[in-house]
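Some notes on the structure that comes next.
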């Protein structure tokens, strides 16, 4: 949905060490999980593997139980065949492509063809109750943040949520210019 994350602009690149340092800076060591999403994380397998190694080191250094969840638009069978070594570094994985015409009834999934794969005991403790539980659409939420000139949306919006957000903002005098969720 966020086309602004698709651009592989060299001016936006950073090393894994820079990314880890930024994560530590903004989290102040107070977090219970890391979510890696896209673009497509598995399109950079060496960097993803290095990031996961760094996150494991961070987890040990902080002596914390933070989990690592990763989204991928690739099918689970492909990921297992091509990237088993990376999958082994994750606690949970939500694979499969988003399919627009499918319903979205389960938490953290964009469409119901996507599954929540629990890969460690840590993930079992945190996510087991969410494996198949249907979530009523009224209970799904997105988080909206403003930083002066931009509106940031965190979460998986339901169909129509972005249009409703835009209309609500316009009612309050905020107009969107080039929203990244439009093609």
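Remind me, relative contact order of the chain in percent, using alpha carbon pairs under 8 angstrom and six or more residues apart? Each step should come with its number before you reach the end.
Values: 210 pairs, mean separation 31.4, N = 183.
Reported relative contact order: 17 percent.
Between 52, 165, 118, which gets the highest mean-square fluctuation from a Gaussian network model of the chain, Cα cutoff 10 Å?
Looking only at 52, 165, 118, the biggest GNM fluctuation is shown by 165.
Test of understanding: what is the full-extension gain from residue 134 to residue 98, defined as 0.36 nm times their sequence separation minus their Cα-Cα distance?
Details: separation 36, 0.36 × 36 = 12.96 nm, distance 1.75 nm.
Contour length minus the Cα-Cα distance gives 11.2 nm.
When a/c reaches 1.5 or more, the comparison of a/b and b/c decides; with that in mind, is segment 46-177 rounded, prolate or oblate per its Cα gyration tensor?
Numbers: a/c = 2.02, a/b = 1.56, b/c = 1.30.
Prolate shape, in that a/c is at least 1.5 and a/b is the bigger ratio.
Sort segment 65-135 into rounded, prolate or oblate with this rule: let a ≥ b ≥ c be the square roots of the eigenvalues of the Cα gyration tensor; rounded if a/c is under 1.5, and if a/c is not under 1.5, prolate when a/b is larger than b/c, oblate otherwise.
Working: a/c = 2.56, a/b = 1.16, b/c = 2.21.
The shape class here is oblate.
Of all DSSP beta bridges located in segment 3-137, what percent are antiparallel, nearest 5? Don't skip to the end; give the middle numbers.
Values: 3 of 10 bridges.
Within segment 3-137, antiparallel bridges account for around 30 percent of the total.
Given a cut-off of under 8 Å on Cα pairs at least six residues apart, what relative contact order in percent is computed for segment 22-113? Before the final figure, lay out each step's value.
On the way: 106 pairs, mean separation 24.0, N = 92.
Once normalised by length, the contact order is 26 percent.
If neighbour count is taken as other Cβ atoms inside 10 Å, put 40, 121, 96, 166 in order from fewest to most.
With the sparsest Cβ surroundings first, the list reads 121, 40, 166, 96.
Give me the one-decimal nm value for the distance between modelled label points at residue 76 and residue 60, 7 Å along each residue's Cα-to-Cβ direction.
In this crude spin-label approximation the distance works out to 2.9 nm.
FYI, it's all coordinate maths here, none of it is from the lab. Just so we're clear, the structure is a prediction, and the values are computed from it rather than from any experiment. Note that we place each Cβ from the backbone using ideal geometry, even for glycine, and neighbour counts take in every protein chain shown.
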